[in-house]
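What follows is one structure encoded as structure tokens, with my remarks underneath.
The values are calculated or read from the model by the stated rules, or taken from the named source; none is laboratory data. Computed from a prediction, not measured in an experiment: that's the story for all the values here. Glycine gets a Cβ as well: all are built from the backbone with ideal geometry, and neighbour counts include every protein chain shown. Heavy atoms of the whole protein, side chains included, go into the accessibility calculation; ligands, DNA and RNA do not. Shrake-Rupley method; radii C 1.70, N 1.55, O 1.52, S 1.80 Å.
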Amino acid sequence: MLMQTTKDSGSARLSALREELKRRGLDGFVIPISDEHMSEYIGGYAQRLAWLTGFGGSAGSAVVLKDHAAMFVDGRYTIQVREQVDEKLYDYCLVPDVSMGKWIADNAPAGAKIGFDPWLHTKGWADQVGKALAKKGSELVAVDTNPVDAVWSDRPEPSAAAAQVHADEHAGRSSAEKRAEVADWLKDEGYDAAVVSALDSIAWLLNIRGADVDRTPVALSYLIAHADGTADLFIAPEKVTPELEKHLGNAVTIRPRSEFDGALGTMKGKTVSVDPDYGVAAIFRLLEDAGATPVAERDPVILPKAIKNTAEQQGHRKAQERDGAAVTQFLHWLSVAAPKGGETELSAAAKLQEFRKATGVLKDNSFDTISAAGPHAAIPHYRVDEESNLPIQPGSVFLCDSGGQYLDGTTDITRTVWIGPGEPSAEQKDRFTRVLKGHIAIDRAVFPQGTNGSQLDSFARQFLWQAGVDYGHGTGHGVGSYLGVHEGPQRIAKPGGAYPGTGQELFAGMILSNEPGYYKGGEYGIRIENLILTVEREIVGGEGTSLGFEALTFVPIDATLVDRSLLTQDEIAWWNDYHAKTRDLLAPQLEGEALAWLEAACQPL
């Protein structure tokens, strides 16, 4: 477990890092939340930013100069960064409003040497920041070893857990079939090979999973896919089992992970595809130094991984039914226990975990449960711990965003509920109903083939905009099949900014979240989230292919917070239909008081 960073320890760690930078002749250093695979969720060994600053979010960076430091986060973390990172030590900078390169150039002395770890940043980032520094006469310097590691005395080792075979019945396609598709792509594009460094891409391509990163079932490794359909997998020997060797067969050569650098050095004269978002700067440099030609090209696995096949789609439906029953049992428990007082954010999260574990097939959570009472619900990516733990007060709003990892699917659901007694305020009901209307608008959307996520985003926001309010995160992200709960390339969000993927065309088979929200800082927050599957829609008299969404998540939405007068007849019909389906799917899995609660919660409006 990562040691908690207090303000005192944060100051000492910052001072130790500055001493190490001075010893190396560096005037500053950039510390991202990242690993060698540009993963969103990372192993404990790579949690350098959390160790240094105390920040617990999943996206952000710090810049440390000799006498100045700053934290860079996007709009999801504006409140959280202030709660977790000492303002006496770090400035707070909002991305993309503040450019990191410009901030360094403005605050570092002329001629400064700013270090970065080329295994933790993309080539695009290094080129952009390097140019910004060069304009001020400064230099971005790639380090051979990370200076944070030099002062992090109790840094954990990378996980040694064995890689696991993911059965074809869950994957829907064999690894050989997938590798053949990649080989065809390489030949069509004129490439000799592709470096696949994203851990979920490797897992999907080879039909393997792992236990090296909390919440995401992947194995630390690299892969080089060749145009003849063969591949080299670079993975620590202790992770390799006879079952894995048999599964991969002769077409996949298993090599120690430590040989990856050297393998890149043998690719002289070859044209090699490297994903610009997941291939770190060091990979490009090693290929260039070897005399190869690296080409910045999207990982050929990303799009087919996002378009779920029939087995993956059906697996998701089964996982959602199972998970929905567990969440419904939790909501019933919460409705009884919380109004009595005595429950906390941590006790609620623990109880939800009990219900998921009781399924007997839960492999892990898909992310740390956001169990948020009162003002903490206004922090979109809040994470409770012993220090922040609040009681769940009767007469307040409670938000819970959670998910499970099952062999047949990955779940992600948010429900916001009123904790009685009493009634929510008129404002709370207004905001909740506007969020609900946006959620329904996305769920019911019909659109032509060729539409991307940014073109749908305003469907969800329009009712909040009419009240002069908005939310600071995206409306929807992709979701993997027993893989990452956040998966690209598709996304529903405002174009540009901190949300890549909004320009990606949506295809039938893609899974997305549908999660509009509203957050009133210091008071309460609201979010309603289901997962949805992109499907083809038959339009009478229509021309061309039309798409829409199929709801995958079925759990009651709290009617206590709904202002029925704000809903149209079509929206009321959606509510009633959704809850009728919820009752039909979940009732066979429940009994007793939980079943009675479900029946009451699914009554028509």
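List of remarks:
- Candidates ARG298, ARG257 - the one that is in contact (Cβ under 8 Å) with a residue 24 or more places away in the chain, touching a strand residue (DSSP E or B) at 6+ places or on another chain (Cβ under 7 Å) and among the basic types (Lys, Arg): ARG257
- Residues that are surrounded by 15 or more Cβ atoms within 10 Å (Cβ to Cβ), in a loop (DSSP other than H, G, I, E, B) and within 24 Å of the chain's Cα centre (by Cα) within the range 384-398 comprise VAL384, SER388, ASN389, listed in sequence order.
- Cβ pairs under 7 Å, 6+ apart, first in the range 190-213 and in a strand (DSSP E or B), second at pLDDT below 95 and open to solvent by 10 Å² or more (accessible area, probe 1.4 Å): VAL213/SER39; VAL213/TYR41; VAL213/ILE42
- Candidates GLN47, GLN84, filtered to the one that is surrounded by fewer than 24 Cβ atoms within 10 Å (Cβ to Cβ), at pLDDT 95 or above and not hydroxyl-bearing (Ser, Thr, Tyr): GLN47
- Test: residue in the range 221-230 that is assigned to a helix (DSSP H, G or I), open to solvent by less than 20 Å² (accessible area, probe 1.4 Å) and at pLDDT 95 or above: no
- Check on ASP577, open to solvent by 30 Å² or more (accessible area, probe 1.4 Å), within 19 Å of GLN314 (Cα to Cα) and outside any loop (DSSP other than H, G, I, E, B): no
- Being touching a Lys or Arg at 6+ places or on another chain (Cβ under 6 Å) and without any contact (Cβ under 8 Å) to a residue 60 or more places away in the chain is a property that ASP408 lacks.
- Residue check: ASP457 meets all listed conditions (1) within 18 Å of PHE554 (Cα to Cα); (2) open to solvent by less than 10 Å² (accessible area, probe 1.4 Å); (3) part of a helix (DSSP H, G or I) but one, namely (1).
- Top-ranked residue in the range 87-118 [being surrounded by fewer than 21 Cβ atoms within 10 Å (Cβ to Cβ) and of a type in the set (Phe, Trp, Tyr); ranked as farthest from ARG48 (Cα to Cα)]: TRP103
- The residue that is surrounded by the most Cβ atoms within 10 Å (Cβ to Cβ), among those in the range 537-563 that are assigned to a helix (DSSP H, G or I) and touching a residue at least 60 places away in the same chain (Cβ under 8 Å), is LEU561.
- Residue within the range 313-331 that is touching a residue at least 24 places away in the same chain (Cβ under 8 Å), more than 24 Å from the chain's Cα centre (by Cα), open to solvent by 10 Å² or more (accessible area, probe 1.4 Å) and farther than 22 Å from ARG179 by Cα present: yes
- Among the residues of the range 423-454, the one identified as open to solvent by 40 Å² or more (accessible area, probe 1.4 Å), under 27 Å from ALA306 (Cα atoms) and hydrophobic (A, V, I, L, M, F, W, C) is VAL446.
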